[in-house]
There are 2 protein chains.
Amino acid sequence: MHNQAAIDELITTLGQRVSQSKSDLELHGRSETHFPDAPPEAVIYPESTEEVAQILRTCHAHRCPVVGWGTGTSLEGHALALKGGVTVDFSRMNKVLDIRADDMDVRVQPGVTREALNHELRATGLFFPVDPGANASLGGMASTRASGTTSVRYGTMRDHVLALEVVTASGQIMRTGSRARKTSAGYDLTGLFVGSEGTLGLITELTLRLHGQPEAISAAICGFDTVEAAVGTTMDAIQMGLAMARIELLDEASVRAVNAYAGSNIPVKPHLLLEFHGSDTMVRETSELFGELAEARGGSGFDWASKPEDRSALWAMRHNAFYAILGLMPGATSMVTDVCVPISRLAETIEETQRDFAAHDVTGPILGHVGDGNFHAILLMHPDDSAARARAHDAAHRLVERALDKGGTATGEHGIGMGKLRYMEREHGHGWAVMGQIKQALDPLGIMNPGKMVPPSNL
Amino acid sequence: MHNQAAIDELITTLGQRVSQSKSDLELHGRSETHFPDAPPEAVIYPESTEEVAQILRTCHAHRCPVVGWGTGTSLEGHALALKGGVTVDFSRMNKVLDIRADDMDVRVQPGVTREALNHELRATGLFFPVDPGANASLGGMASTRASGTTSVRYGTMRDHVLALEVVTASGQIMRTGSRARKTSAGYDLTGLFVGSEGTLGLITELTLRLHGQPEAISAAICGFDTVEAAVGTTMDAIQMGLAMARIELLDEASVRAVNAYAGSNIPVKPHLLLEFHGSDTMVRETSELFGELAEARGGSGFDWASKPEDRSALWAMRHNAFYAILGLMPGATSMVTDVCVPISRLAETIEETQRDFAAHDVTGPILGHVGDGNFHAILLMHPDDSAARARAHDAAHRLVERALDKGGTATGEHGIGMGKLRYMEREHGHGWAVMGQIKQALDPLGIMNPGKMVPPSNL
Ligand SMILES: Cc1cc2nc3c(=O)[nH]c(=O)nc-3n(C[C@H](O)[C@H](O)[C@H](O)COP(=O)(O)OP(=O)(O)OC[C@H]3O[C@@H](n4cnc5c(N)ncnc54)[C@H](O)[C@@H]3O)c2cc1C
Ligand SMILES: Cc1cc2nc3c(=O)[nH]c(=O)nc-3n(C[C@H](O)[C@H](O)[C@H](O)COP(=O)(O)OP(=O)(O)OC[C@H]3O[C@@H](n4cnc5c(N)ncnc54)[C@H](O)[C@@H]3O)c2cc1C
């Protein structure tokens, strides 16, 4: 392979931390979902920024492709090594470098996972809220602009990355941003690297915003007759400025799956799962107000859980929903979709999608971060039923088109990877060409995660 | 002039809306502050995006410089036509295009001012919170990444621009972002244009996030013996998660100025001015908790104003502080500085600055958006006292260096313009070169607001 020269050069300096073992290549050539395997030619485990810079300088000199790797949980084949080359696995750069409680920020290496970070923070009264379900790496989460259940209150990775250290395609070490909370000093390079999926450089350090642990937390669950009523209640609450820390929708099919999985007895209709953070008074007041809003739209069985164990049970249910849904069709594989629309269009988008699935014999329970207008359908199919696969793919395609028709985006939080590349032109028009110009400027040789993100001429 | 060919071509299509009148050129060649005048060769008043595209296509063909103009209130000489060419004044593109109350967003033309927008919104129960004091245009505010008194709660322009329509340097019309609340679809072009000060393209439309008007508002004022105690109380409150909508610091010199201007009798020591938004209960609870925190640090005279007229008086005092300070030295001109540091370093940064001013005989009251770590010193000098001017410039320079030493930024909200260009290399290192690469990619002829933002080789 023509990339072997780069790899050999790296072996002389990094030794055993350059692996070409079959298992390492296989493991890093796989994605969480339905994309065909695409292994790299070597996997490298750097331990410092300087080593990452060395890797990039060498790969740049040899025009060898470089793919970053956090924990590999991305869902659109983001980290597949489509053109071979080396995969840089950040699992050994996993130190929490500096917790600054006064400033409520923290400096971490990219391989730290969000659970590890929150574990380190537990004694400080602070926490890091972005929660993509999976125990992903913070470098990967920044690279996909991840978010999750708490974004309605706390925001996404875009809102939490204050500063970055990045190694550019040619191996220069660069710092973006600062520890100041806000700045008007020039182009927002931090924001440019957040969500760039490793196509512009590798992130070697992050400074992240933290939040104070709330004094009180309560959770609640509430059923509705229609998705429209559930979404309507959500909109009312947001417009009133109610401080919800989480507001998640499960549709009927998801509730059925959860009941079967957990042996629970939740009425089979759309439900909202909520969490409120604040002082005791505020949490009580907010929950009560929410209860009134829900009632006005026919919401029923508004149940609160202010005891930690009830709360845990509720969120375990939500977090296990994915497995519960898989359990609906034993042996099935899944396809996870991820669109986001203006909230006024959310109910119709979900309802049209449900009708579309029913009409085309597609099994696809829906759940979503409804406060953001973001939802997922989890499409199930037997791996050897190629007709079902085709039906699922077509339905997923129509779902994205539908979201774009409603003024939304092809991906609310999972990112582009391989699965959403085909929608970039429609979503961004000339903007996609501009993304290609930026790629060209920052990575003229096209070695950073090639085959992703930008138009084919820049791939 | 070699730009006259472009101007003549534009006159044939836009007629009277291309002005070369002396007064128009003079007016658009001036800045709010101390920079020497630099008039354009023509001022153009487009009325549509298509006209802006036409202007840029023509200027691109003739390599004629183009400078955007909102209301001209920027403080660092941002909109001065350093290389001549044309200034595009957006005052006729001042329509609120579409208020979408359900989604709490609004589509506006760039010439709409923030006061005009809030006036249009008054019947909807919604408001746009970003408040840079001046009644600036929303296009200008996006271009400088403006913020202000309410950013501690609601965020900056970066957090409020959901989508843009931009005309690129070559005259292509492009849309960035969408109405979805969040997205992971590609590079954050919206974020790249926010804060780019007209050096990458012209903004012809913005989609902005709105907020619900709070049910209850209360305001308060509280004195402290030291800046440290005031800042410490602010930090305590933020760490407790108290929802303050505004928290502003006035130092002793500012209080003295305000007293003299308004005939008030506020004790001459550092003060915090606060505002709380929420439900009645929340506002009451938050104010009380804040009062306790302040007391613990020796805060005194914690006065609330929940009546609208008292609140107005309080914020009028804050908004007039600039004029009050000017009043300290009749006939003086001013220099406004704007740094932002991690909040743990804020008290020392302010105190060192006060000592530095005293040691160098510089008059410079300090006030700030203390919740963000952002503050301004307003340096006063008689226009014909060149020694005083030099002292003020040197002190302002040391202030920026001090902020950078503390891990901060050269500008928290005003932007780079001409005044902060000299700090870009120190603040961003290799990142400044990367900004130059982006400029080169998007504006290869360098016609957009030339002389600003990027390294001299890209200017
Ligand atoms: C069960 C499940 C639930 C999920 N739920 C959510 C959810 O609710 N919200 C959500 O946003 N996501 C969700 N995800 C997707 C996934 O967790 C996120 O995309 C996450 O951000 C990926 O992080 P990672 O560390 O696994 O990155 P990886 O998959 O390893 O990499 C992701 C991308 O980032 C690049 N990259 C990784 N590290 C770096 C680095 N240091 N520098 C530069 N580039 C780098 C890679 O090249 C790749 O392009 C879910 C996944 C699973 C399996
Ligand atoms: C008394 C006073 C107090 C202030 N307080 C604050 C404060 O608290 N916070 C704060 O952030 N600022 C403050 N400012 C500064 C100023 O109000 C802001 O910088 C504001 O954002 C400028 O908006 P403008 O419409 O006046 O822009 P202009 O000054 O007209 O232009 C600013 C820059 O944006 C570019 N531009 C303008 N319109 C467009 C467009 N449509 N497309 C592309 N580029 C464009 C211009 O070329 C220029 O580079 C204050 C100013 C004054 C006079």
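The values are calculated or read from the model by the stated rules, or taken from the named source; none is laboratory data. Because the structure is a prediction, the values reported are computed rather than measured. When we count neighbours, we look across all protein chains shown, and the Cβ atoms used for this are built from the backbone with ideal geometry, even at glycine. Note: areas computed on protein heavy atoms with side chains; ligands, DNA, RNA excluded. Shrake-Rupley method; radii C 1.70, N 1.55, O 1.52, S 1.80 Å.
Annotations
- Of the helices (runs of 4 or more DSSP H) contained entirely in segment A:359-459, those carrying at least 3 residues that are facing chain B (nearest Cβ under 7 Å) fall at A:424-428, A:430-442.
- Residues in segment A:421-449 that are in contact (Cβ under 8 Å) with a residue 24 or more places away in the chain and open to solvent by less than 10 Å² (accessible area, probe 1.4 Å) were compared, and the one that is farthest from A:Cys64 (Cα to Cα) is A:Met424.
- Residue tally, condition touching a residue at least 24 places away in the same chain (Cβ under 8 Å) and more than 14 Å from chain B (Cβ to nearest Cβ), over segment A:257-295: 17
- Checking each residue of segment A:191-199 against the condition of being within 13 Å of ligand 1 (Cβ to nearest atom), under 29 Å from B:Asn374 (Cβ atoms) and open to solvent by 10 Å² or more (accessible area, probe 1.4 Å) gives no match.
To keep it simple, each residue is scored yes or no on (1) within 9 Å of chain A (Cβ to nearest Cβ); (2) out of contact with any helix residue (DSSP H, G or I) (no Cβ under 7 Å at 6 or more places or on another chain); (3) free of Cβ contacts under 8 Å to residues at least 60 places away in the same chain.
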position	(1), (2), (3)
B:Phe127	no, no, no
B:Gly133	no, no, no
B:Ala136	no, no, no
B:Met141	no, no, no
B:Ser147	yes, no, no
B:Arg153	no, yes, no
B:Thr156	yes, yes, no
B:Ser170	no, no, no
B:Leu206	no, no, no
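- Yes/no for A:Ala229 being among the small types (Gly, Ala, Ser), assigned to a helix (DSSP H, G or I), open to solvent by less than 10 Å² (accessible area, probe 1.4 Å) and more than 9 Å from every other protein chain (Cβ to nearest Cβ): no
- Within segment A:319-336, the set of residues being open to solvent by less than 20 Å² (accessible area, probe 1.4 Å) and away from ligand 1 (no atom under 13 Å from the Cβ) is empty.
- Matching residues in segment B:172-184 - criterion: being farther than 30 Å from A:Gly148 by Cα and at the interface with chain A (Cβ under 7 Å from one of its Cβ atoms): B:Gln172
- Residue among B:Gly85, B:Gly111, B:Gly72, B:Gly125 that alone is more than 12 Å from the chain's Cα centre (by Cα) and not assigned by TED's automatic domain parsing to the domain that holds B:Val194: B:Gly85
- Residue check for A:Met240: within 14 Å of another protein chain (Cβ to nearest Cβ) and open to solvent by less than 20 Å² (accessible area, probe 1.4 Å): no
- Search result, residues across segment B:187-201 that are more than 8 Å from ligand 2 (Cβ to nearest atom), within 26 Å of B:Lys83 (Cβ to Cβ) and in a loop (DSSP other than H, G, I, E, B): B:Val194, B:Gly195, B:Leu200
- Residue within segment B:254-277 that is closer than 28 Å to A:Met104 by Cβ and assigned to a helix (DSSP H, G or I) present: yes
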